[in-house]
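The next block holds one structure in the form of structure tokens; read it before the comments.
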């Protein structure tokens, strides 16, 4: 069960990082790559926020202790 928790944590952290990038691109704060279709599009801000929240939920689920 420990490997599953580790995988969930890694996926959760990756989701938070990618979601954060999408939010910043959607808000037109991060302009990388310069020709991205995501720049200044609020749809990607919403998608990034959703993905980041999902990542937080995955991490919390992975850290949850099992009751004996």
- In the P(r) worked out for the chain, what percent of Cα pairs fall beyond 15 Å? 54 percent
- Residue list for the range 1-35, given a label point 7 angstrom along the Cα-to-Cβ vector of residue 62 and an amide N cut-off under 11 Å: 3-16
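Counting pairs of alpha carbon atoms under 8 Å apart in space and at least six apart in sequence, what relative contact order in percent does the range 2-63 give? Don't skip to the end; give the middle numbers.
Numbers: 87 pairs, mean separation 28.7, N = 62.
Reported as a whole number, the value is 46 percent.
Values quoted throughout were computed directly from the atomic coordinates according to the rules given, and no laboratory measurement underlies them. Note that this is a predicted model, so its numbers are computed, not measured. Positions of Cβ are generated from backbone atoms using ideal geometry, with glycine treated the same way; all protein chains shown enter the neighbour counts.
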